[in-house]
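A.B. asks: This is the structure I have questions about; it appears just below.
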Amino acid sequence: IHHRVKNNLQTISSLLRLQGRRLEQEEAKLAIEESVRRIRSIALVHEILSREAGDDVPFVDIAKPVVAMVADSMISPEHPIRFEVKGDGGILPAGIATALAVVLNELLQNAVDHAYPRHLDLTKEPGQVVVEIERTGRRLWMRVTDDGVGLPPGFRLGSSRGLGLSIVRALVTSELSGEIAVAPGGGEGDRPGTEVSLVVPVRAGREDGPG
């Protein structure tokens with residue numbers, strides 16, 4: 001079943017890409033590309049599930065391909081940004097892993113689009129985005145930190161109108177019953193950076209045993 005779902009999602013992605021090639025407006029093309037990445041992040045979970053016994057997956061096996069997908073599709077040699085994944089997260093139920101895959105995709109896209117705008121010269125000091133994952137009992141922590149231009153003045157997560165952050169906020173707080181916070185990073189000068197941290201409750205996976 002998971003293999004069929006993955007194939008169906010890949011078909012939808014292909015159809016969207018074909019549609020995107022026919023578009024002339026840049027904004028519309030970007031919207032299609034973002035949608036394709038969202039669908040591919042979900043397809044990644046089903047691809048892993050098709051190889052696993054049961055409906056639990058190692059989250060790091062999802063996180064690393066999502067990071068690689070964003071890097072491959074959004075980064076150019078003229079505007080270099082490096083990505084790093086630290087930590088693990090253990091085995092997660094498919095529903096939680098799917099939602100977190102979409103959340104991670106959105107946070108990485110947001111970092112590329114807003115933390116490192118095209119006018120920012122990265123040739124001497126490439127951007128650096130770090131994804132940290134930590135599992136403590138029945139809680140999973142994920143933190144995405146960049147060294148980009150920082151938050152706009154007066155930024156508030158609750159009043160943000162961007163689609164990406166709206167998706168993140170809805171998934172974390174509503175679907176996953178978790179918490180999310182956005183704060184300035186610890187950098188200085190014109191690249192103070194941004195830190196997005198979230199924590200979600202998780203039930204016991206295969207590796208956790210009963211209880």
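A.B. asks: Quick one: pull the percent of accessible area on the chain belonging to carbon and sulfur, 1.4 Å probe, ligands and nucleic acids left out.
C.D. replies: It is 51 percent, rounded to a whole number.
A.B. asks: Residue-wise, which Karplus ³J(HN,Hα) couplings in Hz belong to region 168-184, taking 6.51 cos²θ - 1.76 cosθ + 1.60, θ = phi - 60°, and x for glycine or proline?
C.D. replies: 4, 4, 5, 5, 5, 7, 8, 6, 9, 6, x, 10, 9, 9, 10, 9, x
A.B. asks: Test of the criteria: in region 101-194, which trypsin sites (Lys or Arg not before Pro) are in a DSSP loop and have at most 12 other Cβ atoms within 10 angstrom of their Cβ?
C.D. replies: Filter output for region 101-194: Arg118, Lys124, Arg138, Arg156, Arg161.
A.B. asks: Mind checking which aspartates and glutamates have their Cα closer than 13 Å to the Cα of Lys86? Skip sequence neighbours fewer than 8 apart in that chain.
C.D. replies: Of all the aspartates and glutamates, those that pass the test against Lys86 - Cα under 13 Å, at least 8 places apart if same chain - are Asp61, Glu132, Glu134.
A.B. asks: Do any trypsin sites (Lys or Arg not before Pro) in region 6-109 lie in a DSSP loop with no more than 15 other beta carbon atoms within 10 Å, and if so, which?
C.D. replies: Answer in residue order: Arg51.
A.B. asks: Based on DSSP H runs of at least 4 residues, each adding -39500 (n - 2.57), what is the mean residue ellipticity at 222 nm of the chain after dividing by all its residues, to the nearest 500 deg cm²/dmol?
C.D. replies: -13500 deg cm²/dmol
A.B. asks: Here is a follow-up. Given a 10 angstrom Cα cut-off, can you work out which residue in Gly189, Gly20, Gly148 is the most mobile in a GNM of the chain?
C.D. replies: Fluctuation is largest for Gly189.
A.B. asks: Between Ala68 and Ser174, what is the label-to-label distance in nm when each label sits 7 Å out along the Cα-to-Cβ direction?
C.D. replies: In this crude spin-label approximation the distance works out to 3.3 nm.
A.B. asks: Shifting gears a bit: Calculate the spin-label point distance for Gln25 paired with Asp190, positioning each point 7 Å from the Cα along the beta-carbon direction, and give it in nanometres.
C.D. replies: Using points 7 Å along Cα→Cβ, the separation is 3.3 nm.
A.B. asks: Follow-up question, since we're still on this one. Over all directions, what mean area does the Cα convex hull of the chain project, stated in square nanometres?
C.D. replies: 12.6 nm²
A.B. asks: Largest first and in whole Å, what are the equivalent-ellipsoid semi-axes of region 91-211 based on the Cα gyration tensor, each being the root of 5 times an eigenvalue?
C.D. replies: Listed largest to smallest, the semi-axes of region 91-211 are 29, 15, 12 Å.
A.B. asks: For region 72-211, with every protein chain kept in place, what is the accessible area per residue (1.4 Å probe, Å²)?
C.D. replies: Using a 1.4 Å probe on heavy atoms only, each residue of region 72-211 averages 51 Å².
The values are calculated or read from the model by the stated rules, or taken from the named source; none is laboratory data. Since this is a predicted model, take the numbers as computed values, not measurements. Every residue, glycine among them, receives a Cβ derived from its backbone with ideal geometry; neighbour counts consider all protein chains shown. Areas reflect the complete protein model, heavy atoms only, side chains present, ligands, DNA and RNA absent. Shrake-Rupley method; radii C 1.70, N 1.55, O 1.52, S 1.80 Å.
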